[in-house]
Amino acid sequence: MTAGATELGPPPLLDISDLAVRFGPVRAVDGVSLRLSPGPCGLGLVGESGSGKTTIGRAALRLVRTAGGTIRFAGTDVAGLRGKALQDFRRAAQIVFQDPDGVLDPRIRIGATLGEVLVAHRMAGRRAAAEQARALLAEVGLDPAFTARYPHQLSGGQRQRVSIARALSVRPRLLVLDEPTSALDVRAQAAILALIGRLRAQRSLAYLLITHNLAIVSELCEQTAVLYLGRVAESGPTGAVLGRPAHPYTVALRSAVPELGGTHRARLVLPGEPPDPARPPPGCVFHPRCPIAVDRCRAEVPVLRPVGPGRLAACHRAEEVLAGALPGAALLGGALPGGALPGGALPGATPSASPGPGPASTAEGSPPGWTAAAPPA
Amino acid sequence: MRLAITGLQVSFGTRLVVDVAELHVGAAEIVGLAGESGSGKSMTTLAVLGLAHTVGATVRGSITLDGTELTGLSQRELREVRGRRIAAIFQSPATAFSPVFRVGSVVHRALRLHGMTSGEAAGAASRAMRQVLLSPRLLDRYPSQLSGGQLQRVAIAIALGLRAEVLLADEPTSALDVTVQAEVLEVLRELRERDGMSVLFISHDLAVVAELCDRVAVMRQGRIVEEGPAGAVLSAPQDPYTADLLAAVPVIRAEAGP
């Protein structure tokens, strides 16, 4: 699914190769390659603000101009699509945003919003569209009578269900889910995650799930790519990536996540802030914050390379990270069985939390970089 | 008890939105107030700050700081308390700063307003910045030149500069990235340990509450349904609503390596 996955298995539904997106001087996405198999299948894109995860999702839908690379959907380069073929692609690849209010017009009833999409794609006449809108609401767990309501009469979680229903209405093969639960309360979030898990099986959906929440990808995605400053830091099967990271950034990200029952844990605290993407540092873009950076990291850009079954990492010292060289790595692995995926999620593991040697001191005498940030002037 | 809330009722007209029998925060204690949107946790904050009337709510009951009753104080008397003895930080730190002023001038003005001389304010601002692990040089920057996490820490620095005894933190990390959130939580922990600051930490995120707080009160529809030591409440909830919230927290499922 991600680049470098075995050549066996079905051809990818979405094949992103060496993607680059620039916003002026900012390299928002820089040489990213990802693959997503036909559904049911989920690929998680995780990373923090500025990591490029949202831009990749939009580029996959041809919603932003690319500066390089190709995006193939079911074998066809989407950049060359015109006319009918483009409209077919627009139908087959849908997006669900963080904020459903961006999708729902406050002055238009829910039924009309859903029907409009079907009519626009010539998938139904007006009357049939109204009937389908009711069926769609039922499918996402809402009262079909909600077709008569306005968006403000629904809760945030209900509006997000409508937004998902809208995306599903045209029978897409690919969904881009961009932080679909970040604006919701925890119980509404859990319900939406369960809904996505159910729909992926029923509809055989393939999706890119964009989130900063590692727990969400661990529930809903077989594969995960961790992004840092527009590049893939590492990728592979979700359980393996989160359980035994190969990149120091994943270790830090993983150890920063607060967890129930995880009070006194070893934590890998990153010094400083992410660098300015308009002026990325030389060598590995992560090196100014990396606790195990060596001279080579400051000079030579690490290529994304195989580091295990189905796994890729862009780190010169990935083998040492995999072997647990970083403080904070020891805490990883706590898990519970079961999940939103039908038949249970990825296999659980025994908790191996142990008090580690405390926050990492930065290597080679460089000062702790709380103040090292260099925001744009 | 440093901050004690007793029989607090906040209402809009006839609609009661907060009905808290008792909630207190001791010296150097971090208490979590957890609940979903609409549960009344933010209205409780506003009431403690004496600001509930600004959104049209009426407040009944008792709020005391070190034994001094705060309800019924005039706005002028409240100003002696609010900001100085009880400080607040909110979800979006940007709202605490004007985009056209350097953050240092905002910090400086807050300290001057509460009676410091210009020289004292400059010294206190620098000290407070170091306490939140930021370089005082950042005071010369504009808000847009700082990250969200840095800005939130400057907001905390204002509270420190004023030697606030109680910090009301209303979802202070909900808008931040997880690594930045970890830094802000670390700062709050240090303030409690080093400076004895008391914190009322308002959050919908029970995992964050579990990591940070000594005690937790779970709020639902304006009422506290369960209260106790954070470890006990979150590992063995007595109220079904607390159990519901806990069950909804997504958990990282990971494979241990060979």
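The values are calculated or read from the model by the stated rules, or taken from the named source; none is laboratory data. On a predicted model such as this, the values are computed, not experimentally measured, just so you know. Using ideal geometry, Cβ is built from the backbone for each residue, glycine included, and neighbour counts are taken over all protein chains shown.
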| said: A:Val321 - would you say it is within 13 Å of chain B (Cβ to nearest Cβ), outside any strand (DSSP E or B) and either modelled with pLDDT of 95 or more or in contact with a Cys (Cβ under 7 Å, 6 or more places away or on another chain) (or both)? | reply: yes
| field | Condition broken by A:Val241, with the remaining ones in (1) modelled with pLDDT of 95 or more; (2) more than 9 Å from chain B (Cβ to nearest Cβ); (3) part of a helix (DSSP H, G or I) satisfied | value | (2)
| Cβ-Cβ below 8 Å, separation at least six or inter-chain, first residue in the stretch B:240-254 and over 22 Å from A:Leu253 (Cβ atoms), second part of a loop (DSSP other than H, G, I, E, B) and of a type in the set (D, E, K, R): which pairs? | B:Leu245/B:Glu36
| note | Screening B:Val225, B:Val187 for residues that are aliphatic (A, V, I, L, M), closer than 24 Å to B:Arg130 by Cβ and surrounded by fewer than 22 Cβ atoms within 10 Å (Cβ to Cβ) leaves only B:Val187
| Quick one: B:Arg192 ticks every box in (1) under 30 Å from A:Ile210 (Cα atoms); (2) not in a strand (DSSP E or B) bar one, so which box is it? | (1)
| remark: Scanning the stretch A:174-199 residue by residue, those within 13 Å of chain B (Cβ to nearest Cβ) and hydrophobic (A, V, I, L, M, F, W, C) turn out to be A:Ala183, A:Leu184, A:Val186, A:Ala188, A:Ala190, A:Ala191, A:Ile192, A:Leu193, A:Ala194, A:Ile196
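Each row is one residue, and each column tells you yes or no for (1) of a type outside the set (A, V, I, L, M, F, W, C); (2) at positive phi; (3) part of a strand (DSSP E or B); (4) modelled with pLDDT of 95 or more.
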{"position": "B:Ile5", "(1), (2), (3), (4)": "no, no, yes, yes"}
{"position": "B:Gln9", "(1), (2), (3), (4)": "yes, no, yes, yes"}
{"position": "B:Val18", "(1), (2), (3), (4)": "no, no, yes, yes"}
{"position": "B:Glu22", "(1), (2), (3), (4)": "yes, no, yes, yes"}
{"position": "B:Gly38", "(1), (2), (3), (4)": "yes, yes, no, no"}
{"position": "B:Leu46", "(1), (2), (3), (4)": "no, no, no, no"}
{"position": "B:Ile63", "(1), (2), (3), (4)": "no, no, yes, yes"}
{"position": "B:Arg76", "(1), (2), (3), (4)": "yes, no, no, no"}
{"position": "B:Ala87", "(1), (2), (3), (4)": "no, no, yes, no"}
| field | Selected residue [surrounded by fewer than 24 Cβ atoms within 10 Å (Cβ to Cβ), of a type outside the set (Val, Ile, Thr), touching a His at 6+ places or on another chain (Cβ under 7 Å) and on the phi < 0 side of the Ramachandran plot] from B:Asp177, B:Asp214, B:Asp195, B:Asp205 | value | B:Asp177
| Restricting the stretch B:5-26 to residues that are surrounded by fewer than 17 Cβ atoms within 10 Å (Cβ to Cβ) and among the small types (Gly, Ala, Ser), which is nearest to B:Asp214 (Cα to Cα)? | B:Gly26
| query | Just for the stretch B:122-147: of the residues that are in a helix (DSSP H, G or I) and of a type in the set (A, V, I, L, M, F, W, C), which one is nearest to B:Arg192 (Cα to Cα)? | reply | B:Ala128
| Filter the stretch B:228-258 for residues that are closer than 30 Å to A:Gly308 by Cβ and small (Gly, Ala, Ser); which is surrounded by the most Cβ atoms within 10 Å (Cβ to Cβ)? | B:Ala254
